[in-house]
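Asks: Questions regarding the structure given below will be posed in turn.
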Amino acid sequence: PPNAWYLSILGVAPPLQNQGLGAKLIAVTLAQADAQHAPCYLETFNPRTLSFYERAGFRIVARHAEKITRADYWIMARAAR
C-alpha cells in the first residue's frame, strides 16, 4: 500500500542480543506506524530473526532466493493497527 512503512535495517551487536534491546528499538518505530495506521513490511536474510519479527506482529508473506548468491530471504508484513 502507498502508506506502508519499510523497515530497512535493525541490528544488535551479538554480545548484546537476547536482552530485549531489539524489541525496544523496533517498538518505537511500530508505535509511530500504529499512530498513522500504517502497515509495515521488511526483508530479512537471517532465519534466526523470523520469530523475533513474528513476536512483533509480522507474518511471512513470501520467501525468495537472492538472484546472485541464491541465499534465501523472507518478506514479512505487519497489518496496520
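Asks: Quick one: if you stick a label point 7 Å off each Cα along the C-beta vector at TYR73 and SER8, how many nm between them?
Replies: 1.4
Asks: Which parts of region 1-21 would a label at GLN36 reach, counting a residue when its backbone N lies under 16 Å from a point 7 Å out along Cα-to-Cβ?
Replies: Label zone hits: 1-9.
Asks: For Cα pairs less than 8 Å apart in space and 6+ apart in sequence, what is the mean separation divided by the residue count of the chain, i.e. the relative contact order in percent?
Replies: Values: 103 pairs, mean separation 26.1, N = 81.
That works out to 32 percent.
Asks: Let me ask something else. Please report, largest first and rounded to whole Å, the three semi-axes of the ellipsoid equivalent to the chain, where each semi-axis is the square root of five times an eigenvalue of the C-alpha gyration tensor.
Replies: Numbers: eigenvalues 86, 68, 19 Å².
One finds semi-axes of 21, 18, 10 Å for the chain.
Asks: Of the heavy-atom accessible surface of the chain (probe 1.4 angstrom), what whole percent is carbon and sulfur? Working shown, then result.
Replies: Values: 3230 of 5580 Å².
Here carbon and sulfur together make up 58 percent of the probe-accessible area.
Asks: Can you give the net charge of the other residues whose Cβ lies under 14 Å from the Cβ of ASN18, counting K and R as +1 and D and E as -1? Intermediate results must be reported in sequence, preceding the final value.
Replies: Numbers: positive: LYS24, ARG48, ARG55; negative: none.
Surrounding charge for ASN18 is +3.
Asks: Let me ask you something else. GNM, the chain, Cα, under 10 Å: largest mean-square fluctuation among LEU42, LEU16, LEU25?
Replies: LEU16
Asks: Work out, in µm²/s and without decimals, the Stokes-Einstein translational diffusion coefficient of region 42-81 at 10 °C, 1.306 mPa s, Rh from Kirkwood over C-alpha pairs. Could the numbers behind the result be given before it?
Replies: Details: Rh = 10.5 Å.
My calculation gives 152 µm²/s for D.
Asks: Rolling a 1.4 angstrom probe over the protein heavy atoms, how many square angstrom per residue are accessible across the chain? Mind dumping the intermediate values first?
Replies: Working: 5580 Å² over 81 residues.
I get 69 Å² per residue for the chain.
Asks: Scan the chain for chymotrypsin sites (Phe, Trp or Tyr not before Pro) in coil per DSSP, keeping those whose Cβ has at most 11 other Cβ atoms within 10 Å, and list them by number.
Replies: Numbers: sites: TRP5, TYR6, TYR41, PHE45, PHE52, TYR53, PHE58, TYR73, TRP74; in loops: PHE45, PHE58.
Answer by residue number: PHE45.
Asks: What is the sum of charges, Lys and Arg at +1 and Asp and Glu at -1, for the other residues whose Cβ falls under 10 Å from the Cβ of CYS40?
Replies: On the way: positive: ARG78, ARG81; negative: ASP34.
Charge balance near CYS40 sits at +1.
The values are calculated or read from the model by the stated rules, or taken from the named source; none is laboratory data. All of these numbers come straight from a predicted model, not from anything done at the bench. All Cβ positions, even for glycine, are placed from backbone atoms using ideal geometry, and neighbour counts span all protein chains on display. Note: areas computed on protein heavy atoms with side chains; ligands, DNA, RNA excluded. Shrake-Rupley method; radii C 1.70, N 1.55, O 1.52, S 1.80 Å.
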